[in-house]
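The values are calculated or read from the model by the stated rules, or taken from the named source; none is laboratory data. None of the values given here were measured: they were computed from a predicted structure. Counting neighbours? That spans all protein chains shown, and the Cβs are built from the backbone with ideal geometry, glycine included.
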């Protein structure tokens with residue numbers, strides 16, 4: 001149980017309740033959690049909870065929205081940085097790695113919300129499912145555009161970009177859940193290197209100067 005150590009301002013108490021609710025939902029799941037669980041985790045009175053939130057659904061929705069807003073900002077910033085790199089203002093391979101690290105770090109820094117979104121939100125409620133789908137569409141759109149840029153620059157072999165986008169998105173989410181959040185001993189930097197190298201080796205052209213240059217950059221002569 002998380003116990004507040006001092007008298008909190010209203011904004012601090014609200015954040016405290018949100019963090020407590022995130023732990024409860026992550027641990028018990030949305031359906032099995034109750035307002036009573038959140039009240040106990042927060043060490044507050046039931047009346048205090050209702051000063052800030054209308055219901056379990058209300059606080060769950062706010063948690064999801066906060067996660068989505070933060071993640072959408074990461075995706076948009078990553079896309080901007082990669083487009084700049086493709087225009088000659090940076091190293092594409094280095095930027096791709098930095099972008100992947102930023103994605104992994106965001107999830108690693110928000111483990112309870114990550115667990116809620118990927119394990120609980122989808123399918124728990126029609127509105128929540130639509131929110132997950134909306135974020136997924138944004139991530140898919142940005143990744144698809146980046147692969148199209150790679151292909152036009154000769155940095156990606158001929159393939160079905162839609163299928164590749166699905167594979168990369170799915171494998172990244174699985175890696176986050178299995179190797180970051182479950183504490184399997186892999187840190188963000190190590191997992192970033194593994195994912196980026198795996199994806200690039202699978203996607204770069206098998207022949208040609210660009211393919212050889214990328215393999216060389218990955219340490220494969």
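Here the condition is being assigned by TED's automatic domain parsing to the domain that holds residue 88, in contact with a helix residue (DSSP H, G or I) (Cβ under 7 Å, 6 or more places away or on another chain) and either in a helix (DSSP H, G or I) or modelled with pLDDT of 90 or more (or both); of 213, 139, 202, it holds for 139 alone.
Looking at (1) touching a residue at least 24 places away in the same chain (Cβ under 8 Å); (2) surrounded by 12 or more Cβ atoms within 10 Å (Cβ to Cβ), can you tell me which one residue 85 breaks? So the condition that residue 85 fails would be (1). Scanning for something under 23 Å from the mean Cα position of the chain (by Cα), outside any helix (DSSP H, G or I) and modelled with pLDDT of 90 or more, does the range 90-111 turn up at least one residue? Yes; the residues of the range 90-111 include at least one that is under 23 Å from the mean Cα position of the chain (by Cα), outside any helix (DSSP H, G or I) and modelled with pLDDT of 90 or more.
Here residue 24 passes the criteria (1) touching a residue at least 40 places away in the same chain (Cβ under 8 Å); (2) not in a loop (DSSP other than H, G, I, E, B) except the one numbered (1).
Which of the residues belonging to the range 163-190 are closer than 21 Å to residue 79 by Cβ and in contact with a helix residue (DSSP H, G or I) (Cβ under 7 Å, 6 or more places away or on another chain)? Residues satisfying the conditions are 164, 165, 168, 169, 172, 173, 175, 176, 188. Checking 68, 86 one by one, the residue that is more than 26 Å from residue 132 (Cβ to Cβ), part of a helix (DSSP H, G or I) and assigned by TED's automatic domain parsing to the domain that holds residue 107 is 86 and no other.
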